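First the structure, in the form of structure tokens, and then the observations on it.
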Ligand SMILES: Cc1ncc(COP(=O)(O)O)c(C=O)c1O
């Protein structure tokens, strides 16, 4: 591992650089962005594997269980509200923090579900997806060389966000089969350079829902080391078998050091609308608003109007969401197990990490993920692209099951050859 001064000067190669180099070549990148004249910061990054897998699915006309988006529509109320907004002049920039009705709806939702109180005028910022909210927060708080703890496997967007902000990622693994966070291992990752931690629960890609005990352990370390917690709660309403989402900001002492981030894309099947939000007290709120204001100005105006309406949907919507996703989860587990994969039960989110060691396949996860759509017509994501630590995830692939039952059944028929 090269020395910290070298990392800051962008010289040599870290274990992470080498790992990313390995990833760069795994799918045959067209060119290395840095070799092509790109900035040094791109040395650690390549375009998204997940979105590349969607392109591969299109090429092979495969059933796309790679990228995490539903193949069904948002609620009718959302579409109608978006139409109305387009027809009634809602087509210009909104206030950079988001429209007041939407911020008020988010504040009401946070109070109703979690008893968390945020002032819509001060503490809530509507962003272009969770992706932007995380990036804006990191750009606002990270100085060059600050460390950010990322729990791995992690959503692909976290590493670029840390790197773009000038930070250094520090990975802490969740291990199969139960993916419970080892708090001693987490403690070992904290040091005087640690500035922030990113916590995603319900978790993509493992399906783990962090327990109160895990969250309290994380909170204790955040307070002891005086760092900021950035939470990604985009799957907050998609949990199974009595597992419940527990926001970190509700742990006593965490309210003023947590940026609670979520979005409407997954809950309301509208990932293409790019609607997310960040809730946090000051000074963190002002800090991230300053970045957001210049990064994207505002989220799409007519869709903000529609989202204010969709947040008024009654409790039955959320109950139905769980029922529907439980059916899909059960079907997905049946498919992967019958097809010979090993997979742990999924507690939340809409993914399953599946181990293909029992398949008669001589190759790693990248070759498997390339082979599967070409030969069996089902697209997945290679497991190791969710890890920063070299060698992890090499026998796994991720399936996304936010799909109509008939789509899942068709995928099952292809996999149970
Ligand atoms: C854990 C997690 N965070 C963030 C995102 C991206 O969120 P958005 O589309 O709101 O930017 C995803 C999308 O799959 C995700 O799984």
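Every read-out reported here was derived from the displayed coordinates using simple, explicitly stated rules and does not represent laboratory data. A quick note: this is a predicted structure, and the numbers were derived from the prediction, not measured. Because the Cβ atoms are built from the backbone with ideal geometry, glycine has one as well, and the counts that use them run over all protein chains shown.
Residues of the range 85-120 with amide nitrogen under 12 Å from the 7 Å Cα-to-Cβ point of residue 293? Only 96-97 pass the distance filter. Spin-label pair residue 51-residue 164: with each label point 7 Å from Cα along the Cα-Cβ axis, the two points sit 1.0 nm from one another. Can you give me the distance in nm between label points at residue 88 and residue 191, each placed 7 Å from the Cα along the Cα-to-Cβ direction? It works out to 5.7 nm between the two label points.
With the helix formula -39500 (n - 2.57) applied to DSSP H stretches of n ≥ 4, the chain reaches a computed 222 nm mean residue ellipticity of -12000 deg cm²/dmol. For the chain, modelled as a GNM whose springs connect Cα atoms under 10 angstrom apart, the maximal fluctuation among 230, 79, 199 occurs at 79.
What does the highest-first list of 211-222, 369-380 look like by mean Cβ count within 10 Å?
Result, highest mean Cβ count within 10 Å first: 369-380, 211-222.
Take each peptide in 163-176, 117-130, count the other Cβ atoms within 10 Å of every residue, and average; sorted highest first, the result is 117-130, 163-176. Largest first, the three principal axis extents of the alpha carbons in the range 36-90 are 46, 32, 16 Å in whole numbers. Is the range 126-230 rounded, prolate or oblate when judged by the Cα gyration tensor, a ≥ b ≥ c being the square roots of its eigenvalues, rounded requiring a/c under 1.5 and prolate requiring a/b larger than b/c? Oblate is the answer for the range 126-230, as a/c is 1.5 or above yet b/c matches or exceeds a/b.
Residues of the range 38-81 with an amide N closer than 15 Å to a point placed 7 Å from the Cα of residue 410 along the Cα-to-Cβ direction: 57-66, 70-73.
In a fully extended conformation the segment linking residue 225 and residue 324 would gain 31.5 nm over its present Cα-Cα distance, using 0.36 nm per residue.
Summarising the label geometry, the points placed 7 Å from Cα in the beta-carbon direction at residue 367 and residue 256 lie 5.7 nm from one another.
What percent do you get for the relative contact order of the chain when only Cα pairs under 8 Å and 6+ apart count?
Working: 815 pairs, mean separation 95.9, N = 417.
Once divided by the residue count of the chain, the mean separation gives 23 percent.
With 0.36 nm allotted per residue and the present C-alpha distance subtracted, the residue 417-residue 390 stretch has 6.5 nm of extension available. The range 369-417 and the range 234-275 have their alpha-carbon centroids 25 Å apart. Taking 0.36 nm per residue of separation and subtracting the current Cα-Cα distance, fully stretching the chain between residue 144 and residue 119 would add 5.8 nm.
For the chain, a/c is less than 1.5, where a ≥ b ≥ c are the root eigenvalues of the C-alpha gyration tensor. That puts it in the rounded class. Taking a point 7 angstrom from the Cα of residue 180 along the C-beta vector, which residues in the range 210-238 have backbone N less than 15 Å away? What the label zone holds, given the 15 Å backbone N cut-off, is 210-218. Between the C-alpha center of the range 43-111 and that of the range 131-197 there is a gap of 25 Å. Apply the a/c threshold of 1.5 to the C-alpha gyration tensor of the range 76-310 and tell me whether it is rounded, prolate or oblate. Verdict is prolate for the range 76-310.
Listed by Cβ neighbour count within 10 Å, with the fewest neighbours leading, 386, 210, 69 appear as 69, 386, 210.
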